[in-house]
Amino acid sequence: MPITDIRSPNLSRDLCVTKPAVRSGGGIVTAQNRQAAQIGADILRAGGSAVDAAIATSFAIGVLEPWMSGIGGVGALLVRPAGGPVTAIDAGARSPAALDPADFPLVEGKDGDLFGWPNVFEDRNVIGPRSICIPGLLRGLERAHSRFGRLPWADLMAPAIALAEAGVFVDTHVTLWIAQDMARIARNPACAAWFLPNGVPPVAPAAVSGQVLRLPNPALARTLRQIASDGPGALYTGAIAAALAQDVQALGGYLSTEDLAGFAATETPAATEPFRDRTLHLVPELNGGVTIALALRQLNGAPPGTGPQATLAAARAMAAAWDHRFTHLGDGAERTLPSCTTHFSVVDRDGMAVSLTQTLLSLFGSGVVSPQTGILLNNGVNWFDPRPGRINAIGPGRKALANYAPMMMTGPDEDVVAIGGSGGRKILPAVYQALIHLADAGHDLETAISAPRFDLSAPPTLVADARFDADTLDLLAAEFPVVLTDRQEHPNSFTTLGAIRRRDGVNEGMAEPWHLWADAVAEGAPLFP
């Protein structure tokens, strides 16, 4: 098959982006926002566990990148104490009990969001109050803290509260994220008031002015202060819950105080899958980890390696796993538009490891901000198939099929990797290939995350990193329609990865080289070295 080349003619073909891995005898936090990673590393230095650091990072990154995740979203995490079993905590999206599938009539065409679903009237499953599922993330963090935390809850929230009171710092990156989804933001007055001051995307002042521009959200700061004081249950019962449900219902949504009060995160032993001489650990149900594990099971009988033939075998196994997902888990075909989600991985000095992914689903989620609470809410209904009768169809009180995939891999001599990414279905092939590099080629994290990748999240089309050699591209093109593109931050065709590893008592962290904000920070490292 011919290779379609969509690389930018304006980019230098000699461009090489690198980012070094961080190695330390102390703890490390890897996140797609350096400031949030630094906050988590400071918690480690203060004596917090990896879970404490993950919770502090979670709150901070939800304030620093509110279009990606936050307390209005959902998530899942894996926790492994040093030498112990891996625990999975699932705080995924569940639809409100009052949701009425009849409110989502199909119309002609396909939607323009992540999954290319058939169009729903007024995009109700994608944007606006009807698209909101129960925000479960905070219940997941609460469960993790009760089992594995050391420091007081309020201490873990304090940095995020200070950030919320100051407001989001506007730089070029922030302008880009807001500008590309301006249409979604503008539909909701409270969302527009936060992100579109004067009705347009914010732009940082010139350096010579000596000024900075921030996007404050006083209501969110108040909400976070109350949750810090009263505990995580404050989001699910009491004044915050009442205000949140009232705001959503006033706009025509379904979320109720009963939905919030009844939500519980689930805690189970992680599911496991052998791969080579290692063991994969994943959240058991309705997420991307299941498909990654199946692809690696398909690959387990093939010779190990990362050369051209091995890459083709990996693509075949991934394609088979997608076929299973689409057939048995009820998903559809994804578009390559911006997606939201954030992942971070943590290891502490004692060897406890955490892999945590949290999300609003689409960029800016539902595009709805609760005026009374300042919370930007998810659009979890978009995970459901809008076609009636499908296995993953829209319905009341249902758990959504998510694409996030926090994972761990353990091997000989206490070799532990915690990994995940952001980018919708593109997360799955990216995590899958990084694990292959680690297990099959013996690569370190820096090599595994920086290596050329393919994306096979919308089969049969395979999107190939232009850094693959000609032999590999020819083999892939013999079986798949190949689109050749650049590895870059935007548009990101290959996801944003991050991971930690502990081996021989030394911790290692690596963040996506092509993401401007992503970094790995060791405890005690300064924000600006």
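Values quoted throughout were computed directly from the atomic coordinates according to the rules given, and no laboratory measurement underlies them. Owing to the predicted nature of the structure, the values given are computational and were not obtained by experimental measurement. Counting neighbours? That spans all protein chains shown, and the Cβs are built from the backbone with ideal geometry, glycine included.
A few remarks follow.
- Relative contact order for the chain: 27 percent, from Cα pairs under 8 Å spaced at least 6 residues apart, divided by residue count.
- Gyration tensor verdict on the chain (Cα atoms; rounded if a/c is under 1.5, prolate if a/b is larger than b/c, oblate otherwise): rounded
- Rounded, prolate or oblate (a/c below 1.5 giving rounded, otherwise prolate when a/b exceeds b/c) for region 146-252 by Cα gyration tensor: oblate
- When the charge dipole of region 122-281 is built from unit charges on Cβ atoms (+1 for Lys and Arg, -1 for Asp and Glu) and taken about the Cα centre, the candidate among Val248, Leu260, Val200 whose Cα reaches farthest toward its positive end is Val200.
- Dipole magnitude for region 421-482: computed about the Cα centre from +1 point charges on Lys and Arg Cβ and -1 point charges on Asp and Glu Cβ, it is near 340 debye.
- Cα gyration tensor, region 378-529 - rounded (a/c under 1.5), prolate or oblate: oblate
- Spatially proximal aspartates and glutamates relative to Lys110 (Cα-Cα < 20 Å; intrachain offsets below 8 disregarded): Glu122, Asp123, Asp181, Asp331, Glu334, Asp385
- Here the Karplus relation 6.51 cos²θ - 1.76 cosθ + 1.60, evaluated at θ = phi - 60°, turns the backbone of region 274-286 into coupling constants of x, 9, 6, 9, 10, 10, 8, 10, 8, 5, x, 10, 6 Hz, with x for every Gly and Pro.
- Only the Cβ atoms of Lys and Arg (+1) and of Asp and Glu (-1) were treated as charged; on that basis the dipole of region 375-448 about its Cα centre amounts to roughly 880 debye.
- Computed from phi, the 3J(HN,Hα) profile of region 439-452 under the Karplus parametrisation 6.51, -1.76, 1.60 (θ = phi - 60°) reads 7, 8, 9, x, 6, 7, 4, 4, 5, 4, 7, 7, 5, x Hz, with x in place of Gly and Pro.
- Cα centroid separation, region 87-157 to region 1-73 (Å): 22 Å
- Loop sites in region 450-529: GluC sites (Glu not before Pro), DSSP, at most 16 other Cβ within 10 Å: Glu479, Glu489
- Computed [θ] at 222 nm, helices only, for the chain once each DSSP H run of length n ≥ 4 contributes -39500 (n - 2.57): -9500 deg cm²/dmol
- Net charge of Cβ neighbours under 11 Å - reference Leu312; Lys, Arg +1; Asp, Glu -1: -2
- Candidate lysines for bridging to Lys19, where Cα separation is under 25 Å - those fewer than 8 sequence places away on the same chain excluded: Lys426
- Computed over region 236-330, the convex hull of the alpha-carbon atoms projects to a mean area of 9.4 nm².
- At q = 0.27, 0.28, 0.33 Å⁻¹ the log10 of I(q)/I(0) for region 32-74 amounts to -0.86, -0.90, -1.07, computed by Debye summation with a single uniform scatterer per C-alpha, solvent ignored.
- Cα centre as origin, Lys/Arg/Asp/Glu Cβ charges: the chain dipole, Debye: 460 debye
- Those trypsin sites (Lys or Arg not before Pro) in region 1-52 that DSSP places in a loop and that have at most 10 other beta carbons within 10 Å: Arg13
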